[in-house]
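Please read the structure below before turning to the comments.
The values are calculated or read from the model by the stated rules, or taken from the named source; none is laboratory data. Predicted model, so just to flag it, every value in this text is computed and none were measured. Don't worry about glycine lacking a Cβ; one is built from the backbone with ideal geometry, like all the others, and counts go over all protein chains shown. The protein model used for the area step is the full one, side chains on, heavy atoms only, and it has no ligands, DNA or RNA in it. Shrake-Rupley method; radii C 1.70, N 1.55, O 1.52, S 1.80 Å.
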Amino acid sequence: SLSQNAPPDWFYAHFSSLSRALDLGDYLNQTGGAFYNRFSDAPVDTALKKRILGQLAIEEHKEARIFYDSVIEEMALVSSDFFFGMGTDVSLIFKLKAENLFKSTILSYRKRFLQQTAGAREFLMTIEGKPVSAIFSPDMRLRSYLHIEGNSAIISNSPAAMARLLRIAQKKESSLAATDEFRYMRSVYRADTENEDGFVYFSDAFIRRLVSAEVRISEARRMETAFRLAQAEKLILLHQHVYGKLPGSSEELISGVATDTEAEKNLRVLLKGFKVEGFRALDPSMGSLGFLKPNLESPVKMASEREAKGYRDFVERYSNFWREYFDPIGI
């Protein structure tokens, strides 16, 4: 079972095939997505599935689905948190039927993504003593790390996630499969590839991690960066509207939209460390909107008093809500 390769405190979704996982993504987009958009103030479709697959350099079309079904025996999707909207770590674990065919085709897909993505580059690296092929673009729209060994493969958008998965694969850490609660859940919902399209599991450890101070404060910091990036991109649109051209740099943007000395000062604070590339704003250390660096790669070592108070307030609200529920959860 691929649960032997999954961390015990991460989200876990097992599928009998990649096509089944993509089918679920389509279903959630058509039903849940439509329902969400009906009551959301978001102006556009987030295209979550497309963004994640594109970042991982995985093609998704009819011919690709036929290929995946022919070479993949089973797969699992794992993540250390559930904040997919602005980008988080996403890793796919595969058990393969045809290793060589999978490798050659996936490498051809990655080559195409590399050629079609501005500023993208490819490099080889070693993680936990294992060779990993990486392709990466500065805005993190393309961020894919690949490791293939025997009939197993991992594709992840995070080197930190890849390191954790490789440690578990080498039995340096215990896996989800070793936990009593997961074994109990699988005794209730028995693994059966013929009758089970997918199995989604939220462990108690995952939910505790999700509401921990480290993850919540790190996510608050990411959202602050996302807010600044969104504001910067609105200013880029304003510059385009007023001058009929895009700003070539942050300095050109500031000089073009600042109305007085105080406004210029505030804009320099807002845009500090950002780059302007076309209609998009980029934080070199954190990425861009929808493709922010995962929480997993930004551990919190110290918190301000404001952040600590915010977390205490969250704990009080969460405790009042969650007292009516229990976990773990298996679907």
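Please work out the Cα center distance from the stretch 265-331 to the stretch 78-140, rounded to the nearest Å.
Using only Cα atoms, the two centres lie 24 Å from each other.
Near LYS309, which lysines are there with a Cα under 24 Å away, not counting those fewer than 8 places off in the same chain?
Hits, sequence-local ones excluded: LYS301.
Looking at the chain, which longest stretch skips every one of the trypsin sites (Lys or Arg not before Pro) that is in a DSSP loop with at most 12 other Cβ atoms within 10 Å, leaving the sites themselves out?
Details: sites that count: LYS171, LYS172, ARG190, LYS245, LYS272, LYS301, ARG323.
Here the longest run is 1-170.
Please give the contour-minus-distance gain from VAL211 to GLU297: 0.36 nm per residue of separation, less the Cα-Cα distance, rounded to one decimal in nm. Please report the intermediate quantities before stating the final value.
Values: separation 86, 0.36 × 86 = 30.96 nm, distance 1.71 nm.
The VAL211-GLU297 span can extend by a further 29.3 nm.
Check the straight Cα-Cα distances from LYS49 and name the lysines below 19 Å, setting aside those fewer than 8 residues away within the same chain.
Those lysines meeting the cut-off are LYS62, LYS293.
Across the stretch 215-228, in residue order, what do the Karplus-derived ³J(HN,Hα) couplings come to in whole Hz, using 6.51 cos²θ - 1.76 cosθ + 1.60 with θ = phi - 60° and x for Gly and Pro?
6, 5, 5, 4, 5, 4, 5, 4, 5, 5, 5, 4, 4, 5
I need the per residue convex hull volume for the chain, using only the alpha carbons, in cubic angstrom as a whole number. Each step should come with its number before you reach the end.
Numbers: hull volume 55.6 nm³, N = 331.
In the chain, the Cα hull volume divided by residue count equals 168 Å³.
Which whole-number value in Å² is the accessible area per residue of the stretch 99-165, probe 1.4 Å? Intermediate results must be reported in sequence, preceding the final value.
Working: 3050 Å² over 67 residues.
I get 46 Å² per residue for this part.
Calculate, in nm to one decimal, what ARG190 and ALA220 gain on full extension: separation in residues at 0.36 nm each, minus their alpha carbon distance. Please report the intermediate quantities before stating the final value.
On the way: separation 30, 0.36 × 30 = 10.80 nm, distance 3.81 nm.
Difference between extended and current length: 7.0 nm.
Counting each DSSP H run of 4 or more residues in the chain as -39500 (n - 2.57), what helix-only mean residue ellipticity at 222 nm follows after dividing by all residues, to the nearest 500 deg cm²/dmol? Could you put the intermediate results ahead of the total?
Working: 12 runs with 151 residues, N = 331.
Value at 222 nm, helices only: -14500 deg cm²/dmol.
Report the convex hull volume per residue for the stretch 111-261, counting only C-alpha atoms, in Å³. Numbers along the way, then the final one.
Values: hull volume 32.9 nm³, N = 151.
Hull volume over Cα atoms, normalised by residue count, gives 218 Å³.
Please report the carbon-and-sulfur percent of the accessible area for the stretch 133-231; probe 1.4 Å, protein heavy atoms only, DNA, RNA and ligands left out.
Values: 2230 of 4440 Å².
Carbon and sulfur: 50 percent of the exposed surface of the stretch 133-231.
Could you give log10 I(q)/I(0) at q = 0.13, 0.19 Å⁻¹ for the stretch 227-331, computed by the Debye formula over C-alpha point scatterers of equal weight, without solvent?
-0.68, -0.97
How big is the dipole moment of the chain about its Cα centre under a simple scheme where the beta carbon of each Lys and Arg is +1, that of each Asp and Glu is -1, and everything else is neutral? Debye, nearest 20, please.
Dipole about the Cα centre, nearest 20: 600 debye.
Under a straight-distance cross-link criterion of Cα-Cα below 24 Å, which lysines are reachable from LYS171, leaving out those fewer than 8 residues away in the same chain?
Within the straight-line cut-off, LYS171 pairs with LYS95, LYS97, LYS130.
Could you tell me which residue out of ALA232, SER288, ALA258 lies farthest along the dipole of the chain toward its positive end? Charges go on the beta carbon: Lys and Arg +1, Asp and Glu -1, centred on the Cα centre.
ALA258
Contact order normalised by length for the chain, with contacts defined as Cα pairs under 8 Å and 6 or more residues apart; what percent is it?
Details: 501 pairs, mean separation 73.7, N = 331.
Value for the chain: 22 percent.
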